[in-house]
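The values are calculated or read from the model by the stated rules, or taken from the named source; none is laboratory data. Because the structure is a prediction, the values reported are computed rather than measured. Every residue, glycine among them, receives a Cβ derived from its backbone with ideal geometry; neighbour counts consider all protein chains shown.
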Amino acid sequence: MNVRVAPSSPSTASVGPAVVVSNLTRAYGQRIVIGKLNLRIERGEFVALLGESGCGKTTLLRTLAGLDPIQGGRITAPRRPAVVFQEHRLLPWDNLWRNVSLGLHLPDARKRAAEALAEVGLGDRLDDWPRNLSGGQAQRVALARALVQEPELLLLDEPFAALDALTRIRMHALVRELVANHRPGVLLVTHDVDEAIGLADRILVMRGGAIAFEHLGSDAASISRAELLTELGVTFKPVN
């Protein structure tokens, strides 16, 4: 594995790992999609995972979420992670606070949902319905639903890919704030190089079911866009 180490600064993750993956193997029939992969994400650490389509990154995320089985290795996590997908997956027959509190079997579920919706700027929409939301607002609700569980690991599967450019920028700022406040470990699967550089503390590139490149250090912005694109197999011809 090719590892590039960037100048480091004091780590913000000091309370132990959100997840540890040891020698993970996942296959579809005879085709190995993930082969003996190792990964550790600390609480409070934001990790972005890049790679070409079919390299295994979404399979890894689904496996960490418990949605796909494994054929070998081990995943160690304190408790079940929360997931935000590209589609918000809100239940159209439930209002917003019930969507946010889905699976939260506590007597103060509405209060917690209200606090989570307020964090994402929708505190006045508790009794509204998903059909009345824009795409960006729906993804805000999806984030609130994930974070109301106070997860130690947050999995983001290209949650901003379908949003327009300005909404995506606003969502990036919101995610930074929410992660700083709640301090889960985060794994973001994305095709967007700029998104990875702008959000992550650590950037990984996956090829052929393995981590082929890792940019270490707390300042992901210290790697250039061109360097990452090269790792992803994008080459540029010199302009005459």
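Here are a few things to note about the model shown:
- Among the strands (runs of 3 or more DSSP E) confined to the stretch 175-238, the ones with at least 3 residues that are within 20 Å of LYS57 (Cα to Cα), of a type in the set (A, V, I, L, M, F, W, C) and modelled with pLDDT under 90 are located at 210-216.
- Out of LEU156, LEU126, sole residue that is in contact with a helix residue (DSSP H, G or I) (Cβ under 9 Å, 6 or more places away or on another chain), modelled with pLDDT of 90 or more, crowded, with 22+ Cβ neighbours inside 10 Å and closer than 30 Å to TRP93 by Cβ: LEU156
- Some residue of the stretch 111-121 being loosely packed, with under 13 Cβ neighbours inside 10 Å, modelled with pLDDT under 90 and either under 20 Å from the mean Cα position of the chain (by Cα) or over 30 Å from LEU24 (Cα atoms) (or both): no
- Among residues of the stretch 73-102, those that are hydroxyl-bearing (Ser, Thr, Tyr) and not in a loop (DSSP other than H, G, I, E, B), counted: 1
- Test result for GLY66, touching a Leu at 6+ places or on another chain (Cβ under 7 Å) and at pLDDT below 90: no
- Flag for ILE203 being surrounded by 17 or more Cβ atoms within 10 Å (Cβ to Cβ), in contact with a helix residue (DSSP H, G or I) (Cβ under 8 Å, 6 or more places away or on another chain) and under 10 Å from LEU49 (Cα atoms): yes
- Restricting the stretch 29-46 to residues that are under 15 Å from LEU216 (Cα atoms) and aliphatic (A, V, I, L, M), the residue that is surrounded by the most Cβ atoms within 10 Å (Cβ to Cβ) is ILE41.
- Residues in the stretch 15-59 that are on the phi > 0 side of the Ramachandran plot, modelled with pLDDT of 85 or more and not in a strand (DSSP E or B): GLY44, GLY51.
- Among the residues of the stretch 115-123, not a single one is part of a loop (DSSP other than H, G, I, E, B) and of a type in the set (D, E, K, R).
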